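Asker: Could you have a look at this structure, given as C-alpha cells, before my questions?
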2 protein chains.
Amino acid sequence: MTLFDAGGGPAPASSPRLRLVVAYDGTDFHGFAGQRPDPETGAAVRTVEGTLVAALARVLRIEPDALGLVCAGRTDAGVHARGQVVTVDVPTEGVLDLDRLRGALNKMLGPEIVVRACTAAPEGFDARRSARWRTYRYTIVNRPEPDPFRARYAWWVPEPLEVAQLRLAADPFVGEHDFASFCRKGPEGSTTVRTVLSSRWLAPGLEEGVLTYEIRARAFCWQMVRSIVGTLVEAGAGRRRPGEMLAILHSGDRSHAGRLAPPHGLCLWEVGYEQ
Amino acid sequence: MTLFDAGGGPAPASSPRLRLVVAYDGTDFHGFAGQRPDPETGAAVRTVEGTLVAALARVLRIEPDALGLVCAGRTDAGVHARGQVVTVDVPTEGVLDLDRLRGALNKMLGPEIVVRACTAAPEGFDARRSARWRTYRYTIVNRPEPDPFRARYAWWVPEPLEVAQLRLAADPFVGEHDFASFCRKGPEGSTTVRTVLSSRWLAPGLEEGVLTYEIRARAFCWQMVRSIVGTLVEAGAGRRRPGEMLAILHSGDRSHAGRLAPPHGLCLWEVGYEQ
C-alpha cells in the first residue's frame, strides 16, 4: 500500500497543509504539546503531539521535525479531546490519499488517539490562528459513590450539588473579562483578558447524577476552565454564593477563586472556524 | 473508627450474612471468581472475588477463608458489572455498621470496584440460588472509526449494521431452548437448556452509532451472551439471515454459531430476586 496514489480524497499538490480533527483519551499522556525530555529523569515524556508526529513521520516516511504541527488547544496532562484540530505541513510533491492516511494513522494510534477527519486545509488556514472559538466540556459525577465506568472521564463529587446554584453561578462569566483570578500566570506582559461566548450547564441526560458544564470562548487562559469549574462546584455545594463570581473576577486575585478541578473531567469538545 | 459500633444500618447479630451490590470495571481482572495461582507463572491471578475478599478480611480483621463468598454471576475475564450481587457470611458476634463498612470498602477498592449497597441478607438468602433472573447488556460502537471514550466498555464494529435485522435476529432466543450451539461445554452431564425471558436491542440513545443489546434469562451457560451477540452482529452485517437463528439453536452444533464477541462490551447489568 502506498499513500501517494490518487484515491478517495486527494489533496492538491500545491497545498501540502493538512487539517486533522483528533479525539484522544488524555489519561496516559503528559498533555498535548511537546516532545521534550522529563527534566528529572531525562526520559522522553509521552505527549499526544509527540505520538501523533511520530506516527505521521513513519507513515509518510519523512523527518518528524519537517511537519510543523500546530494545534487549536494545548490541553494539559490528563485532559481529553473529542474535537482537537491540528494542522501539519507535509513536504511531499506527490498526491496524498487522505482516506488511506487517516486509516493508517488510526490503525497505529487507535483507540487511544483517533483521527476523525483528515482533509486538505484551505489556503492560509492555521489550526490555532484561524480558530474563532473553542468549546470545552467538564463532566461531574455527583453521587454518594464513584462510578467505575465514568472514573476516567468525570470528576467524582460526592457532596450533593444544587443545580439551580450551579446555573446561577455560571452566568457571570459570559462576556469580556480579565480572568487573572481564574488562571495561572502566563509569560510576563501577556494579557489575561478573554471573551467568553457562553457558559452553561447542559440539560441533564438519561443518567442520574451526571452534570456537564460547557464553556465557549474565543480563547482560554491556562487552567481557566478547571479553575472556573472548581469555583462553580463550591457554589453548587453551598459554600459560596453565585453572586460572588463577579467579585472574584473583579478582584484579579487568584487566591479568591476555588480549588482547581482535576484534569480528567475536562474535554476539548469542539473548535469553530469560519471556513 | 470501628465498624462494630451501632450505627446507620445495623445488621442483627443473629444474621451474619451480608448482601452486597457491586459494580466493577473488569478490564484489569481475570474475571470474578477464584484466587487460584496462574498455572504458567505460579503468580496469583487478580480477580474481583480475590480483591473483594482481601478487602473485607482486612476491614473486618478476619481470615479471608471464613467469608464464604457467593456471587450471582461468575463474569469472565474482561467482563464488567453494574449490578453483581454477592453474599458473604461474616463471623462476628458484634453489630456491624453497614454504612461504614461500605464506605471503608469503597475507599480501598474504588473506583475500580464500587460497593453500591450493603445490607443484611434476609433469612435463607443466597446470591446465586435465590436469584430469579440475570440481565446482561452488551454495547457496540458502530461507526467507521473507534471511540477513545467507549473503547474499554464497548465492542467497536466498523462495518455498518442494520438495526432492523439485529432486532429480527434477537427475537427467536426468547423461551426455553437448548443453547448448546451458543455456549462452551460445561462439566460432563450438565444441561445447556436455559430459559430466556427477553432478548432485545434497546431504543437508541442520544449518541449516534451506539447499539445496546439486553438479554434476561433465569440463568446463562458459559459464554452464551457473547456467542449470541457475535451471531447477531453477523445478521446485522448481512452475512446471515435473521431466520437462521432458530436453525442454529436446533442444530445443537457450536460451529454453526458466529464468532464470540469480545468480553469488554459485556456488562452484568442487574440480578432479580423475589425478596
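The values are calculated or read from the model by the stated rules, or taken from the named source; none is laboratory data. Values in this document were obtained by computation on a predicted structure and should not be read as measured data. Positions of Cβ are generated from backbone atoms using ideal geometry, with glycine treated the same way; all protein chains shown enter the neighbour counts.
Asker: Count, please, the residues in the stretch A:52-89 that happen to be outside any loop (DSSP other than H, G, I, E, B) and touching a Phe, Trp or Tyr at 6+ places or on another chain (Cβ under 8 Å).
Answerer: 8
Asker: Across the stretch B:200-228, what is the total count of residues that are of a type in the set (A, V, I, L, M), out of contact with any Leu (no Cβ under 9 Å at 6 or more places or on another chain) and buried (at least 18 other Cβ atoms within 10 Å of the Cβ)?
Answerer: Adding up the residues that qualify gives 2.
Asker: Looking at the stretch A:245-262 only, could you name the residues that are crowded, with 19+ Cβ neighbours inside 10 Å and part of a helix (DSSP H, G or I)?
Answerer: A:245, A:248, A:249
Asker: Here is a further query. How many residues does the stretch A:187-216 contain that are part of a strand (DSSP E or B) and either among the polar types (S, T, N, Q) or outside the structural domain of residue A:250 (by TED's automatic domain parsing) (or both)?
Answerer: Looking only at that region, the number is 4.
Asker: Of everything in the stretch A:90-120 that's assigned to a strand (DSSP E or B) and over 30 Å from residue A:223 (Cβ atoms), which residue is farthest from the other protein chains (Cβ to nearest Cβ)?
Answerer: A:120
Asker: If I ask for residues that are surrounded by 19 or more Cβ atoms within 10 Å (Cβ to Cβ) and aliphatic (A, V, I, L, M), which ones from the stretch B:229-244 would you list?
Answerer: B:229, B:232, B:233, B:235
Asker: For the stretch B:132-149: of the residues being under 29 Å from residue B:218 (Cα atoms) and surrounded by fewer than 21 Cβ atoms within 10 Å (Cβ to Cβ), which is farthest from the other protein chains (Cβ to nearest Cβ)?
Answerer: B:132
Asker: Kindly provide the set of residues from the stretch B:54-89 that are at positive phi and away from chain A (no Cβ under 14 Å), ordered by number.
Answerer: Result: B:61, B:68.
Asker: Restricting to the stretch A:176-199, and then to whatever is among the charged types (D, E, K, R) and at pLDDT 85 or above, can you tell me which residue is surrounded by the most Cβ atoms within 10 Å (Cβ to Cβ)?
Answerer: Step by step, filter the stretch A:176-199, then rank; the result is A:194.
Asker: In the stretch A:116-148, which residues are touching a Lys or Arg at 6+ places or on another chain (Cβ under 8 Å) and free of Cβ contacts under 8 Å to residues at least 60 places away in the same chain?
Answerer: Residue satisfying the conditions is A:145 alone.
Asker: OK, next. Just one of (1) over 30 Å from residue A:157 (Cα atoms); (2) outside any loop (DSSP other than H, G, I, E, B); (3) in contact (Cβ under 8 Å) with a residue 40 or more places away in the chain; (4) out of contact with any helix residue (DSSP H, G or I) (no Cβ under 7 Å at 6 or more places or on another chain) trips up residue B:176, so point out which.
Answerer: Here residue B:176 meets the rest and fails (3).
Asker: Only one residue in B:209, B:258, B:205 is more than 20 Å from the chain's Cα centre (by Cα) and away from chain A (no Cβ under 14 Å), so which one is that?
Answerer: B:258
Asker: So if I check each of A:190, A:199, A:181, which one is among the polar types (S, T, N, Q) and touching a Gly at 6+ places or on another chain (Cβ under 8 Å)?
Answerer: None of the other options fit; the residue is A:181.
Asker: Report yes if some residue within the stretch B:35-47 is surrounded by 15 or more Cβ atoms within 10 Å (Cβ to Cβ), more than 15 Å from the chain's Cα centre (by Cα) and more than 22 Å from residue B:16 (Cβ to Cβ); otherwise report no.
Answerer: For the stretch B:35-47, residues surrounded by 15 or more Cβ atoms within 10 Å (Cβ to Cβ), more than 15 Å from the chain's Cα centre (by Cα) and more than 22 Å from residue B:16 (Cβ to Cβ): present.
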